[in-house]
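Here's the structure we're looking at; comments come further down.
Each reported figure results from applying straightforward, stated rules to the coordinates on display, with no laboratory input. Just so it is clear, the structure is predicted and the values come from calculations on it, not from any experiment. Note: ideal-geometry Cβ built from the backbone for every residue, glycine included; neighbour counts use all protein chains shown.
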Amino acid sequence: MKKSIFIIIISIMVFSGCSVKPVEETRFLFDTYCRIVVPGAQDRAKIAVGMAFKRLQEIEDKFNVHSEKSPLFGFNKTGLPVKDTEIIEIAELSDKISKESGGAFDITLYPLSGLWGFYSDSPAVPAGSAIKKCIDNVGHNGLIISNGNLRAGNRACKVDFGGIIKGYAVDEAVRVMKDTGIGAALIDLGGDLYAMGKNKSKPWKIGLRDPRGEGLISIFELSGNAVVTSGDYERFFIEKGERYHHILDPRTGYPAKGLQSVTIIGAQAVYADAWATAVFVLGRKKGLEAIEKLKGYEAIIIDSEGEVIFSSGLNGKISKPVNVKR
Ligand code: AMP
Ligand code: MG
């Protein structure tokens, strides 16, 4: 199951009619298509894009729990402690967001995602008793971070950074590009994206996909910010007419109910990513309350009826939905 690309970038200046072609490269990483675009061709841009992809590959290798190259493979398999400072840094941040979201965001859901079969090509609804047993044993309290070590507090504690790592990778790619002297670029990791600077002196135009169709529900301008979406259409299966998707509610053990997608806009993609997942689990009311408290971050929430809700900082700032069926 490949994650669909759900944010469509509309940048007419770059893609048509413009005499100077942008530097653009796409590679398959993090189980999705990752694209970097730098407007206005320059040799330095090509070098920067190459360096950014090298960094993305490093992060993918380190955090891919299914790869033996990753220290997380041994952690999940045999409880081997992890000493890698970068992994510990992201684990600490995940733990913080887990606490701030009342446990809605939880990287220790690995056994639950496994039980649902979301790491395989044939996910299915597990027995209720198996789900209950699984959630009784998992929880971020099982994660021990001390003295430069990440350890499992019990045998059930296994981790999956899938809800946060692409956001972190976006931020790292932005850092590499800036360090290389690039001021404008679009970094898009299958919809977790960052719009750096401007696209030929105009803000980047970002289109947000309708979670139940191919059209756009909104178009907005962005410069110097990250946009990350979590949606129930990214990885799902239908059983007996019901949709089951990959964002799991740690309290129930079932896919979170009530929303179709959550988009978070803000300065850092790592926070936007984790909070998009957390808000999806928290639902419309509690999720919106959490984002209103989070300084510098805004949300576009689409509920299960297709209604679009904007957090207060976005009201009037972005175009209203264009073709949502209600
Ligand atoms: P995202 O697309 O960022 O919402 O991340 C979804 C991925 O995060 C899933 O494929 C799982 O690997 C993981 N995940 C699922 N539910 C949660 C949750 N409640 N908290 C943290 N990570 C989760
Ligand atoms: Mg996320």
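See the values below:
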{"item": "Calculated from backbone phi, Karplus (6.51, -1.76, 1.60) coupling profile of the range 190-200 in Hz, x at Gly/Pro", "result": "x, x, 8, 9, 9, 9, 8, x, 10, 9, 6"}
{"item": "Simple spin-label estimate for V125 and S304 in nanometres, 7 Å along Cα-Cβ", "result": "1.3 nm"}
{"item": "Degrees, to the nearest 10: 85-100 long Cα axis against longest axis of the chain", "result": "80 degrees"}
{"item": "Sequence of T180, T263 once ranked by neighbouring C-beta atoms within 10 Å, starting from the fewest", "result": "T180, T263"}
{"item": "Taking D84, D95 and counting other C-beta atoms within 10 Å, the order from fewest to most", "result": "D84, D95"}
{"item": "Stretch gain in nm, segment K83-S67, where the contour uses 0.36 nm per residue and the Cα spacing is subtracted", "result": "4.0 nm"}
{"item": "Residues L259, L216, sorted so that the one with the fewest Cβ neighbours within 10 Å comes first", "result": "L216, L259"}
{"item": "Under 5 Å, built H, 5+ apart or other chain: amide partners of G40", "result": "V23"}
{"item": "Ellipticity estimate at 222 nm from DSSP helix runs (n ≥ 4, -39,500 (n - 2.57)) divided over the chain, nearest 500", "result": "-10000 deg cm²/dmol"}
{"item": "Length gained when the stretch K293-I238 is fully extended (0.36 nm per residue, less Cα-Cα span)", "result": "16.3 nm"}
{"item": "Given charges at beta-carbon only (K, R positive; D, E negative), |dipole| of the chain in Debye", "result": "320 debye"}
{"item": "Cα-based helix-to-principal-axis angle, 269-282 vs the chain, degrees rounded to 10", "result": "50 degrees"}
{"item": "Prolate/oblate/rounded label for the range 133-280 (Cα gyration tensor, a/c 1.5)", "result": "oblate"}
{"item": "Efficiency of FRET from Cβ geometry, K21 and N149, R₀ 45 Å, rounded to 0.05", "result": "0.40"}
